[in-house]
Amino acid sequence: MTSTLRYQRVLLKVSGEALMGGRDYGLDTGTCRAIAEDVRDVVGLGVQVCLVIGGGNIFRGVAGAASGMDRSQADYMGMLATVMNALAMQSALEKAGVPTRVQSAIAMAQISEPYIRRRAIRHMEKGRVVIFAAGTGNPFFTTDTAAALRAAEMGCDALLKGTQVDGVYSADPRKNPAAERYTTLTYLDMLARDLAVMDAAAISLARENRLPIIVFNIHEPGAFTAVMKGEGRFTTVMEQERAPE
């Protein structure tokens, strides 16, 4: 079955806001469950999966710094928010029957493993989903950059960015119905057009490692599975010579 799949090992990046569902703050358990079931279905296809989850539904370091907090302290608080989300997603995945491990870039021995690259790869080889928490472990880096870094370290075939819409648009389609949707883009297109899907550091890191970025709607049931098969609606970001015709 795996011969029909586009990718054999992927990292899924989910924003903290995606976990809110219809709430204004925090976690929506139904949304977590739906995402966990999609991940379960992809793992069932034989794909090795790891995740990075943002923390914006609880605390955003940039927002804290803008309100007068020390930027480093605010970013560490944001990293702790990602750990909370990682534990919530671990619970949802395990209730869906998926064995899961959380690895944190900040040591928290009572609730997670430390981040160890070779151990994480071994977990995935055994069919476990690995959730990378606490970003890179350093302030001034976003969870998008952490996702690109971990995807490169894990030797992933692609970095999937689950968003609120079905790809990359020239503007927010929820606010501008005339926004243009892109099927394929290059990394330089993303940077030059300042398309606010991932930060520049994450895009540059993906480009340096020739890591395709796939942007799709995380809330569309079955969309993750469809992307793995090359179906559905999504945007692919990669070098021009590798972009599909």
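The values are calculated or read from the model by the stated rules, or taken from the named source; none is laboratory data. All values derive from a computational prediction rather than experimental measurement. Every residue, glycine among them, receives a Cβ derived from its backbone with ideal geometry; neighbour counts consider all protein chains shown.
Among the numbered criteria (1) at pLDDT 95 or above; (2) within 16 Å of Ala88 (Cβ to Cβ); (3) buried (at least 16 other Cβ atoms within 10 Å of the Cβ), which single criterion is violated by Phe59?
Checking Phe59 against (1) at pLDDT 95 or above; (2) within 16 Å of Ala88 (Cβ to Cβ); (3) buried (at least 16 other Cβ atoms within 10 Å of the Cβ), the one that fails is (1).
Out of the residues in segment 95-111 meeting the condition of being in contact (Cβ under 8 Å) with a residue 40 or more places away in the chain and not in a helix (DSSP H, G or I), tell me which one is nearest to Ile53 (Cα to Cα).
Among those residues, the one meeting the criterion is Ala105.
Looking for something among the aromatic types (Phe, Trp, Tyr), touching a Pro at 6+ places or on another chain (Cβ under 7 Å) and surrounded by fewer than 22 Cβ atoms within 10 Å (Cβ to Cβ) - is there at least one such residue anywhere in segment 69-83?
Yes: one or more hits.
Report, ordered by the first and then the second residue, all pairs with beta carbons closer than 6 Å, sequence separation of six or more or different chains, a first member in segment 126-139 that is in contact (Cβ under 8 Å) with a residue 40 or more places away in the chain and surrounded by fewer than 24 Cβ atoms within 10 Å (Cβ to Cβ), and a second member that is among the acidic types (Asp, Glu) and outside any loop (DSSP other than H, G, I, E, B).
Pro139/Asp75
Hey, any hits in segment 89-99 for a residue that's modelled with pLDDT under 95, touching an Asp or Glu at 6+ places or on another chain (Cβ under 9 Å) and surrounded by 21 or more Cβ atoms within 10 Å (Cβ to Cβ)?
no
For segment 58-78, give me each residue that is assigned to a helix (DSSP H, G or I) and either farther than 13 Å from Pro139 by Cβ or of a type in the set (A, V, I, L, M) (or both).
Val62, Ala63, Ala65, Ala66, Ala74, Met77
Scanning for something over 13 Å from Ala148 (Cβ atoms) and out of contact with any strand residue (DSSP E or B) (no Cβ under 6 Å at 6 or more places or on another chain), does segment 201-218 turn up at least one residue?
Checked segment 201-218: at least one residue is over 13 Å from Ala148 (Cβ atoms) and out of contact with any strand residue (DSSP E or B) (no Cβ under 6 Å at 6 or more places or on another chain).
Hey, any hits in segment 164-186 for a residue that's among the hydroxyl-bearing types (Ser, Thr, Tyr), within 27 Å of Val62 (Cα to Cα) and not in a helix (DSSP H, G or I)? Lay out the reasoning, then the answer.
First, pick out the residues of segment 164-186 that are among the hydroxyl-bearing types (Ser, Thr, Tyr): 169-170, 182-184, 186.
Applying the additional criterion that residues be within 27 Å of Val62 (Cα to Cα) yields 169-170.
Among the residues that remain, those that are also not in a helix (DSSP H, G or I) are: 169-170.
For segment 164-186, residues among the hydroxyl-bearing types (Ser, Thr, Tyr), within 27 Å of Val62 (Cα to Cα) and not in a helix (DSSP H, G or I): present.
Which number in (1) touching a Ser or Thr at 6+ places or on another chain (Cβ under 9 Å); (2) at positive phi; (3) not charged (D, E, K, R) marks the one condition that Leu93 misses?
Only one criterion in (1) touching a Ser or Thr at 6+ places or on another chain (Cβ under 9 Å); (2) at positive phi; (3) not charged (D, E, K, R) is unmet by Leu93, namely (2).
So which residues in segment 193-245 are within 20 Å of Gly155 (Cβ to Cβ), in a loop (DSSP other than H, G, I, E, B) and more than 15 Å from the chain's Cα centre (by Cα), if there are any at all?
Asn209, Arg210, Met238, Glu239, listed by residue number.
When segment 169-202 is examined, which residues are found to be loosely packed, with under 13 Cβ neighbours inside 10 Å, in contact with a Ser or Thr (Cβ under 9 Å, 6 or more places away or on another chain) and closer than 23 Å to Val227 by Cβ?
If the condition is that a residue be loosely packed, with under 13 Cβ neighbours inside 10 Å, in contact with a Ser or Thr (Cβ under 9 Å, 6 or more places away or on another chain) and closer than 23 Å to Val227 by Cβ, then Glu180, Thr183, Arg193 are the ones that fit.
If you go through segment 4-45, how many residues are within 16 Å of the chain's Cα centre (by Cα) and assigned to a loop (DSSP other than H, G, I, E, B)?
Residues that pass the stated criteria total 3.
Out of Ala81, Ala120, Ala92, which single residue is more than 20 Å from Leu27 (Cβ to Cβ) and assigned to a helix (DSSP H, G or I)? Reasoning before the result, please.
Details: Ala81 fails: more than 20 Å from Leu27 (Cβ to Cβ); Ala92 fails: more than 20 Å from Leu27 (Cβ to Cβ).
None of the others qualify; the one that does is Ala120.
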